[in-house]
Amino acid sequence: MNNILKKLLLSGAIVASSFALSANFASAATSSIKVQINDSLVSFPDQKPFIDAKGYTQVPIRMIGEKLGATVKYEKVNSYIVKVTIKKGSTTIVLKSGSSIATVGSKQVRMDTTMRVVEGRSYVPLRFVTETFGFTLKWDSKNNIAMLSTDGKTYKPAWTAPAQSASKGARVVTEAKKHLGVKYVWGGSSPSQGFDCSGYIRYVYGKMGVSLPHSSISMHDNHGTPVSKSNLKQGDLVFFITNKVSTSHVGIYIGNNEFISATSKGITIANINSSYWGPKYNGANRIF
């Protein structure tokens, strides 16, 4: 392979990686995910925890490491890769940004997701790190809290989420269903003209008094609070990657694992876990 071709492939890989991580940049800024160690919440002064596209909680390691009494060392490998070494007692974990391979002691271990750098902060998968150190981690879906116990005891949530207004989500779904069958039109944003996927969402939420952009990736990156797939509620926005690069389709969750969106067949309802949509799922945001 000649040098020119190698450079082109490397450039393409970097661009693709940038697209793939774009959701995580915004999620870190808008996330309502909290982390609790024993009976106390961890304070994150700037960048916040978030759930990545694979459903794993990512946290800024500096804040968590300090609370756990671990030492954290950073090393810039090159312009794109940061190495983080986390040491507590006799256990040492080494992770590299963009990689799902971690070194624990002298062994290499494959994680279910990757370590990454977001706006200058090194984020690590919380469950992998804490369980490697021998702690237990439980997820409180009601309050969106990752609850870490360092002493084996069971603790209650240190914070209670306010009740969601179910009526708003139901109203969104009611409005969305009024337009079943409306034709698909690229750039369309009204029932008379037709809709594309983001134009449809913008129109429906506009009826609720909410202004959203005419862009699925901008909705994904900049609007609402990320929620896990297991915690979806009526009215939540659900996102998909249909172009193999980044978020390119958006719909409205209506309940029972179904969502409504503008497709080439017009406004239709589909199952979020179908053979077509399931592999393309790329997270969800709650607007209300």
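Taken over region 196-219, the criterion of being under 18 Å from residue 259 (Cα atoms) and over 26 Å from the mean Cα position of the chain (by Cα) is satisfied by no residue. Residues in region 275-288 that are closer than 22 Å to residue 56 by Cβ and either in contact (Cβ under 8 Å) with a residue 12 or more places away in the chain or in a loop (DSSP other than H, G, I, E, B) (or both): 277, 280, 281, 282, 283, 284, 285, 286.
Any residue in region 113-128 that is open to solvent by 40 Å² or more (accessible area, probe 1.4 Å), of a type in the set (Lys, Arg) and over 26 Å from residue 226 (Cβ atoms)? No, region 113-128 contains no residue that is open to solvent by 40 Å² or more (accessible area, probe 1.4 Å), of a type in the set (Lys, Arg) and over 26 Å from residue 226 (Cβ atoms).
When we screen 149, 99, 141 for residues that are over 20 Å from residue 70 (Cα atoms), surrounded by fewer than 21 Cβ atoms within 10 Å (Cβ to Cβ) and in contact (Cβ under 8 Å) with a residue 40 or more places away in the chain, the only hit is 141. Cβ-Cβ contacts under 6 Å between residues 6 or more apart (or on different chains), taken from a first residue in region 168-194 that is of a type outside the set (Lys, Arg) to a second residue that is assigned to a helix (DSSP H, G or I) and open to solvent by 40 Å² or more (accessible area, probe 1.4 Å), are listed as 175/207; 189/203. Of all the criteria given as (1) open to solvent by less than 10 Å² (accessible area, probe 1.4 Å); (2) without any contact (Cβ under 8 Å) to a residue 60 or more places away in the chain, the one not satisfied by residue 236 is (2). Is it true that some residue in region 261-274 is in contact (Cβ under 8 Å) with a residue 24 or more places away in the chain, under 15 Å from the mean Cα position of the chain (by Cα) and crowded, with 19+ Cβ neighbours inside 10 Å? No - not one qualifying residue is present in region 261-274. Looking across region 41-55, just one residue is assigned to a strand (DSSP E or B) and open to solvent by 60 Å² or more (accessible area, probe 1.4 Å), and that is 41.
Scanning region 194-214 for residues that are outside any helix (DSSP H, G or I), open to solvent by 50 Å² or more (accessible area, probe 1.4 Å) and either out of contact with any Ser or Thr (no Cβ under 6 Å at 6 or more places or on another chain) or of a type in the set (A, V, I, L, M, F, W, C) (or both) yields 209, 211. The residue pairs whose first member lies in region 112-127 and is of a type outside the set (D, E, K, R), whose second member is open to solvent by 60 Å² or more (accessible area, probe 1.4 Å), and whose beta carbons are closer than 7 Å, counting only pairs six or more residues apart or on different chains, are 113/54; 113/56; 114/98; 115/96; 118/25; 122/74; 125/56.
The values are calculated or read from the model by the stated rules, or taken from the named source; none is laboratory data. Keep in mind it's a predicted model, so treat the numbers as computed, not measured. Backbone-built Cβ (ideal geometry, glycine too); neighbour counts: all protein chains shown. These accessible areas exclude ligands, DNA and RNA; they are computed on the full protein's heavy atoms, side chains included. Shrake-Rupley method; radii C 1.70, N 1.55, O 1.52, S 1.80 Å.
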